[in-house]
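Enquirer: Sharing a structure, written as structure tokens. Questions coming.
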Amino acid sequence: MESKEETLKGNGCFNNNFGHVTAGIFNLNPFFDKRDIVQVKYEMLRAASNKEGSITEIAGAFGFSRKSFYQINKAFDIDGLHALIPKKTGPKKARKLNAEAQGFIESYLSEHKGSGAKEISSALESCMDVKIHPRTVYRFLKKNCIQSKRG
């Protein structure tokens with residue numbers, strides 16, 4: 001069985017800065033876990049709504065900056081408890097394989113029927129100075145039901 005810490009890490013809710021949480025509520029009862037970022041954020045918002053100190057003091061006690069407090073509070077006001085769950089970081093959509101690169105692939109294939117992903121990837125690099133892995137090109141072709149050789 002996984003430990004609570006492993007579970008929190010697995011679902012993206014582990015508070016990497018739990019050492020900065022000095023709010024007393026986390027010392028009162030084992031139910032309150034400073035490693036759980038969702039619980040820390042919620043308790044911070046609760047403390048602020050109960051006017052348990054200035055925003056700067058409260059944010060600091062929960063390991064956040066004043067600016068972060070306001071961002072968390074705004075997100076909570078808009079989306080509720082769900083907003084306290086950390087979002088996946090990193091790119092959200094294709095950056096290199098943008099509309100221009102996709103258009104190039106489609107026009108290249110119309111002129112060079114049966115070209116493979118490696119050839120298309122090389123053509124993208126030489127013509128557009130965009131380095132895209134052949135596997136990315138292959139996935140684009142497959143997703144858009146465009147016929148091509150695998151390699």
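The values are calculated or read from the model by the stated rules, or taken from the named source; none is laboratory data. Quick caveat, the model's predicted, so the values are computed rather than measured. Glycine gets a Cβ as well: all are built from the backbone with ideal geometry, and neighbour counts include every protein chain shown.
Enquirer: Quick check on my filter: what residues within region 20-47 are closer than 23 Å to LYS87 by Cα and free of Cβ contacts under 8 Å to residues at least 40 places away in the same chain?
Expert: Hits for region 20-47 are PHE32, ASP33, LYS34, ARG35, ASP36, GLN39, VAL40, GLU43, MET44, LEU45, ARG46.
Enquirer: Would you call GLU2 free of Cβ contacts under 8 Å to residues at least 12 places away in the same chain, in a loop (DSSP other than H, G, I, E, B), charged (D, E, K, R) and over 18 Å from ALA61 (Cα atoms)?
Expert: Considered against the rule, which asks whether it is free of Cβ contacts under 8 Å to residues at least 12 places away in the same chain, in a loop (DSSP other than H, G, I, E, B), charged (D, E, K, R) and over 18 Å from ALA61 (Cα atoms), GLU2 comes out as yes.
Enquirer: PHE64: assigned to a loop (DSSP other than H, G, I, E, B) and at pLDDT below 95, yes or no?
Expert: Numbers: assigned to a loop (DSSP other than H, G, I, E, B): yes; at pLDDT below 95: no.
So PHE64 fails the test.
Enquirer: Do you know which of the residues in region 48-62 that are surrounded by fewer than 12 Cβ atoms within 10 Å (Cβ to Cβ) and either of a type outside the set (S, T, N, Q) or over 27 Å from the mean Cα position of the chain (by Cα) (or both) is nearest to HIS82 (Cα to Cα)?
Expert: So, considering only residues that are surrounded by fewer than 12 Cβ atoms within 10 Å (Cβ to Cβ) and either of a type outside the set (S, T, N, Q) or over 27 Å from the mean Cα position of the chain (by Cα) (or both), the one nearest to HIS82 (Cα to Cα) is SER49.
Enquirer: Surrounded by 13 or more Cβ atoms within 10 Å (Cβ to Cβ), touching a helix residue (DSSP H, G or I) at 6+ places or on another chain (Cβ under 8 Å) and not aliphatic (A, V, I, L, M), is that true of LYS96?
Expert: Details: surrounded by 13 or more Cβ atoms within 10 Å (Cβ to Cβ): yes; touching a helix residue (DSSP H, G or I) at 6+ places or on another chain (Cβ under 8 Å): yes; not aliphatic (A, V, I, L, M): yes.
Yes: the conditions hold for LYS96.
Enquirer: Taking GLN102 as meeting all but one of (1) surrounded by fewer than 18 Cβ atoms within 10 Å (Cβ to Cβ); (2) under 20 Å from the mean Cα position of the chain (by Cα), write down the number of the exception.
Expert: (2)
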